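Shown next, in structure tokens, is the structure this report addresses.
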Amino acid sequence: MSFLVLLRHGESESNICGILSSDLEGYPLTDKGRIQAARCSHEMRGLRFGGIFTSPVQRARETAGIIAGEIGIAPKVDQRLIETAMGKLNNTSAKDAIRADRIRAGSESWESQARRMREFMAGISENTIAVSHAMPIRALVSSIMEMDEIESFGIEIGFVSITVIDVGSERVESIGARSITPRLRSILSGGRSEGGA
């Protein structure tokens, strides 16, 4: 069995400023974001991964770099993990975006995000970490659970949260977890638990 461990990036400057941005550069992690990534890297101790991939966006690359330092694997950039393309909403206030029509603004559709994330997942053949962003992660999870964007609105993907998917069965093992529980550690180590998500 192969598992995809999806991590959202740590808190970044764009997050604390309330700005939506799909820019590749310009919004690094905050000190708090670096601490969040370091905490998550400790959660990965003792687990084996065949690779770590990251969105090309700076906040994700920085998060992946911190985690990679713990697990000893150099991260690779994969465009399919990129932030939602914001269109005309790029570098605008998140409050303004709530009132905007995303499609009219040229923002990437929910379906497009789910499709590219599924394409990435389809190429996984060993336990893999992927550092991405809240919307693409939620789009993938909701697609697996056969929900649309509105139906999955309550799914919370917090900073450096851990979402685990069994790639073969497309079983969601965790969504937005703050730590690797004993059950997840067993699963990721090759065991299987009785309970489940």
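How large is Rg over Rh for the stretch 3-188, taking Rg from the Cα atoms and Rh as the Kirkwood inverse mean of 1/r across Cα pairs? Show your work: numbers first, answer last.
Values: Rg = 15.4 Å, Rh = 16.4 Å.
Expressed as Rg/Rh, it is 0.94.
What's the magnitude of the charge dipole for the stretch 124-197 around its Cα centre, counting Lys and Arg as +1 and Asp and Glu as -1 at the beta-carbon? Answer in Debye, nearest 20.
400 debye
Of Gly72, Ile129, Ile175, which is farthest towards the positive pole of the stretch 3-188's charge dipole, taken about the Cα centre with +1 and -1 on the beta-carbons of Lys, Arg and Asp, Glu respectively?
Gly72
Could you tell me which trypsin sites (Lys or Arg not before Pro) in the stretch 1-79 are loop residues by DSSP with no more than 16 other beta carbons within 10 angstrom of their beta carbon? Before the final figure, lay out each step's value.
Numbers: sites: Arg8, Lys32, Arg34, Arg39, Arg45, Arg48, Arg59, Arg61, Lys76; in loops: Arg45, Arg48.
For trypsin sites (Lys or Arg not before Pro) across the stretch 1-79 that sit outside H, G, I, E and B with at most 16 neighbouring Cβ atoms in 10 Å, the list reads Arg45, Arg48.
Please give the charge dipole size of the stretch 3-188, origin at the Cα centre, charges +1 on K and R Cβ atoms and -1 on D and E Cβ atoms. Round to the nearest 20 debye. Present the calculation step by step, with values, prior to reporting the outcome.
Details: 23 positive and 24 negative charges, 67 e Å.
In debye, rounded to 20, the stretch 3-188 gives about 320.
Using Cβ counts within 10 Å as a stand-in for footprinting exposure, how do Leu7, Leu47 rank, fewest first? Let's see the in-between values first.
Details: Leu7 28, Leu47 16.
Ordered by Cβ neighbours within 10 Å, fewest first: Leu47, Leu7.
How much length would be gained if the chain were fully extended between Ser112 and Glu13, taking 0.36 nm per residue of separation minus their Cα-Cα distance, in nm to one decimal?
Gain on extension, Ser112 to Glu13, equals 33.0 nm.
So what is the relative contact order for the chain, in percent, with contacts set as C-alpha pairs under 8 Å and at least six apart?
Numbers: 396 pairs, mean separation 58.3, N = 197.
The normalised contact order for the chain reaches 30 percent.
Only the coordinates and a few stated rules stand behind these numbers; no lab work does. This structure is a prediction, so every number in the text was calculated from the model and none was measured. All Cβ positions, glycine included, derive from the backbone under ideal geometry; neighbour counts span all protein chains shown.
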